[in-house]
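The values are calculated or read from the model by the stated rules, or taken from the named source; none is laboratory data. Model, not experiment: these values are computed from the prediction. Neighbour counts are summed over all protein chains in view; Cβ atoms, including those assigned to glycine, are modelled from backbone coordinates with ideal geometry.
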Amino acid sequence: MSGELFDRLEGQIATLLGKEAALYLPSGKLAQMTALKILTGRAGCTRIAIHPRAHLEEYEARAYQELWGLTAAPLGGYDRLPTPDDLSAIHEPLGAVSLELPMRRLGCLLPTWNQLIEFSEIAQQRNIFLHMDGARLWESQPYYQKPLHEIAGLFDTVYVALDKGLGGLAGAVLAGPQWVIDEARIWQRRAGGRALRSFPYLLSALKGLDERLPRMGAYHEKAKELAKSISDIPNIRVSPEPPHANAFLVSMTGDLTKANEARDTVASEMNIWLFDTTVDSIEQSTVRFEITVREAAFELDASQIGKAVSRFSELVGS
């Protein structure tokens with residue numbers, strides 16, 4: 001697909017990320033799988049390393065294996081961030097490593113800057129391609145206080161989402177070397193990813209880059225403010241504290257079977273929607289959910305959110 005809007009969006013994101021080229025794709029799944037298929041093909045090894053709770057593993061029905069012919073080695077433990085030592089401990093050939101920034105299922109946790117550098121150095125030493133699942137890269141940048149191109153520069157390829165923090169309708173962009181993007185256009189055609197009449201998605205993405213991208217620092221600060229207020233409530237825990245990005249996990253003792261009804265009661269009583277679904281916990285007496293900060297969060301102050309969480313805790317604990 002080509003045209004002025006494609007050129008503007010792809011060119012803007014390639015520049016922001018410091019990459020040679022970029023390609024708009026209709027979904028993040030297609031962007032991710034296209035990147036990993038190309039990288040492993042060039043490496044001559046179809047095995048990738050991903051975290052056990054990565055989006056690729058938990059949300060996409062193992063598409064990397066079932067549709068794209070890849071296999072995976074676990075990178076790190078189930079309930080913690082992967083470390084460079086975890087990569088060094090994989091003593092088998094790898095075609096690519098995928099790091100999710102941030103790890104959403106762990107509360108949007110991020111590795112340190114030095115750890116990212118070490119991941120990159122190990123991958124280069126072992127001739128392994130390093131790919132970023134950057135669905136929330138925009139929201140992660142304030143944590144590192146580095147320009148986007150410097151963060152992306154540690155990776156061979158980067159996928160970014162156009163919805164989520166940017167508020168676009170849908171879609172994704174894959175950025176990387178020109179040879180990756182040239183081959184990605186072939187896989188885009190093979191996979192049925194040449195969506196017609198894409199202009200509403202492109203326009204909403206460009207609008208998000210103009211209006212929402214400069215707000216990522218504010219989202220991070222609001223998340224830290226809310227997390228601090230909620231963590232002061234007795235018997236309620238926040239993780240990470242302070243948040244690394246614009247989202248964090250809230251945990252409390254309670255009856256998980258009451259969670260959805262309690263959420264709906266809070267919404268009815270206080271006109272505040274706390275979350276969509278609960279987050280799994282190995283502790284059966286724990287109720288956990290994610291709070292995500294976007295534009296609507298600025299209509300409420302921290303005390304209002306705190307009261308809503310406190311009311312929810314009362315309902316699931318009763």
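Filtering Leu23, Leu56, Leu9 for residues that are within 15 Å of Gly134 (Cβ to Cβ) and either of a type in the set (Val, Ile, Thr) or assigned to a helix (DSSP H, G or I) (or both) leaves a single hit, Leu56. Within the range 69-124, restricting attention to residues that are among the small types (Gly, Ala, Ser), within 25 Å of Gln145 (Cα to Cα) and out of contact with any His (no Cβ under 9 Å at 6 or more places or on another chain), the residue that is surrounded by the most Cβ atoms within 10 Å (Cβ to Cβ) is Ala123. Checked against the criterion of being in the same structural domain as Leu137 (by TED's automatic domain parsing), under 13 Å from the mean Cα position of the chain (by Cα) and in contact (Cβ under 8 Å) with a residue 60 or more places away in the chain, the candidates Leu109, Leu99 yield just one match: Leu109.
Would it be correct to say that Ala267 is touching a residue at least 12 places away in the same chain (Cβ under 8 Å), of a type in the set (A, V, I, L, M), part of a helix (DSSP H, G or I) and not assigned by TED's automatic domain parsing to the domain that holds Leu106? The answer is no for Ala267. Pairs linking a residue in the range 1-27 that is in the same structural domain as Glu150 (by TED's automatic domain parsing) and closer than 19 Å to Asp182 by Cβ to a residue that is in a helix (DSSP H, G or I) and among the charged types (D, E, K, R), with Cβ atoms under 8 Å and 6 or more positions apart or on different chains, are Gly18/Glu150; Ala21/Glu10; Ala21/Asp182; Ala22/Glu10; Leu23/Glu10; Leu23/Arg185; Tyr24/Glu10. Of the numbered criteria (1) more than 18 Å from Gly168 (Cβ to Cβ); (2) at pLDDT 95 or above; (3) out of contact with any strand residue (DSSP E or B) (no Cβ under 8 Å at 6 or more places or on another chain), the one Arg105 fails is (2). Only one entry of Asn260, Asn246 meets the criterion of being under 24 Å from the mean Cα position of the chain (by Cα), modelled with pLDDT of 95 or more and among the polar types (S, T, N, Q), and that entry is Asn246.
Of all residues in the range 28-58, those satisfying the criterion of being within 20 Å of Ile181 (Cβ to Cβ) and surrounded by fewer than 17 Cβ atoms within 10 Å (Cβ to Cβ) are Gly41, Arg42. Could you give every pair whose Cβ atoms fall below 8 Å, whose first residue belongs to the range 179-202 and is acidic (Asp, Glu), and whose second residue is surrounded by 12 or more Cβ atoms within 10 Å (Cβ to Cβ) and part of a loop (DSSP other than H, G, I, E, B), counting only separations of at least 6 or pairs across chains? Between residues of the range 179-202 that are acidic (Asp, Glu) and residues that are surrounded by 12 or more Cβ atoms within 10 Å (Cβ to Cβ) and part of a loop (DSSP other than H, G, I, E, B), there is no close pair. Taking the condition crowded, with 18+ Cβ neighbours inside 10 Å, farther than 30 Å from Gly3 by Cβ, touching a Lys or Arg at 6+ places or on another chain (Cβ under 7 Å) and free of Cβ contacts under 8 Å to residues at least 60 places away in the same chain, does Leu249 pass? So Leu249 does not fit the description; no.
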